[in-house]
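Okay, so here's the structure we're looking at.
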Ligand code: FE
Ligand code: FE
Ligand code: ZN
């Protein structure tokens, strides 16, 4: 099982991410090369990158399964404002370069939101932008399946298919599934095998390179995108466990993006990462009824 979580990329850059992943008992991880909400990016320190690689090797983390996530503010779908559209394209190009520098193969990207323009024009904007950046690179951009919140594109298989069909360098494009987003987009995760069959027919399973494992706070088809902790949402522990153990996705990295846990339910000031315990629970294959207490106990001191 290749499983990890979202981790931070702080002062120690990739080395800090690796250390955090190891502390959760993970054998892979996902990071942003800076804050996910903004575009401030520090320059990469070669020594830290080298140390990160070494630590990964020592801990059986295969760098080819490690995932980078592009910041949310990149929107390739809307070109109403030329300067904003070009900024997004250039920023993505730069993120691809940073992945190359870090030897990271996969970069997850939200396809984009149309915000006021026709969806088919927005899809063509995404295709145009991707063809501009996916040239002569070792990095593969993974289109994330989205919940369909607001004017988000990529919540239907047809939209994902359209983008892939029109990207020229097929070796540089793939898909990242997200169980919360799929649920919210209307795909029933209790029928995951059937979903994979449809996905295979429409797009092709070979394009799936990563899967985000999240429970959902909202019902099937709600188009909301609010992640819940494993076993605490509408998808449920058993369905998520089935997805993780799906034979067809066995070599695909599973990444948790579940919310941090407050010391009390209302407490937003002290939040603890759930990943160590969620990973353990999924490896054991058994729901831990005391997981919230275990997490609080572990980080309290
Ligand atoms: Fe995402
Ligand atoms: Fe996700
Ligand atoms: Zn999400």
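Bear in mind these aren't lab numbers, they're just calculated from the coordinates by the rules spelled out. Everything numeric here is computed off the predicted structure, so don't read it as measured data. Cβ: placed from backbone, ideal geometry, glycine included. Neighbour counts: every protein chain shown.
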- Given a cut-off of under 8 Å on Cα pairs at least six residues apart, what relative contact order in percent is computed for the chain? 16 percent
- Can you sort 298, 99 so the residue with the fewest Cβ neighbours within 10 Å comes first? 298, 99
- Length-normalised contact order of region 28-187, Cα under 8 Å, at least 6 apart, in percent, tallies to 20 percent
- Query: What's the extension gain from residue 35 to residue 90 if we count 0.36 nm per residue and subtract their Cα-Cα distance?
  - Reply: 18.1 nm
- Note on the structure: D (µm²/s, integer) via Stokes-Einstein for the chain, Kirkwood Rh across alpha-carbon pairs, 25 °C, 0.890 mPa s: value 125 µm²/s
- Item | 190, 113 arranged by Cβ crowding within 10 Å, fewest neighbours leading | 190, 113
- Tell me, in nm to one decimal, what length is gained between residue 298 and residue 128 on full extension, where the rule is 0.36 nm per residue of separation less the Cα-Cα distance? 56.4 nm
- State the antiparallel share, in %, of DSSP beta bridges confined to region 3-261, rounding to the nearest 5. 10 percent
- Note on the structure: Distance in nm between residue 60 and residue 46 label points, each 7 Å along Cα→Cβ, equals 3.3 nm
- Message: I'd like the distance between the alpha-carbon centres of region 123-182 and region 14-28, rounded to an integer number of Å.
- Response: 28 Å
- Among 42-48, 170-176, the order from most to least packed when residues are scored by Cβ within 10 Å on average: 170-176, 42-48
- Query: For a label point 7 angstrom out from the Cα of residue 1 toward its Cβ, which stretches of region 267-293 have the backbone nitrogen within less than 17 Å?
  - Reply: 274-292
- Using the count of nearby Cβ atoms within 10 Å as a rough guide to exposure, how do 260, 32 rank from fewest to most? 260, 32
- Message: Can you tell me the length gained on complete extension of the stretch residue 103 to residue 284, counting 0.36 nm per residue apart and subtracting the Cα distance?
- Response: 62.0 nm
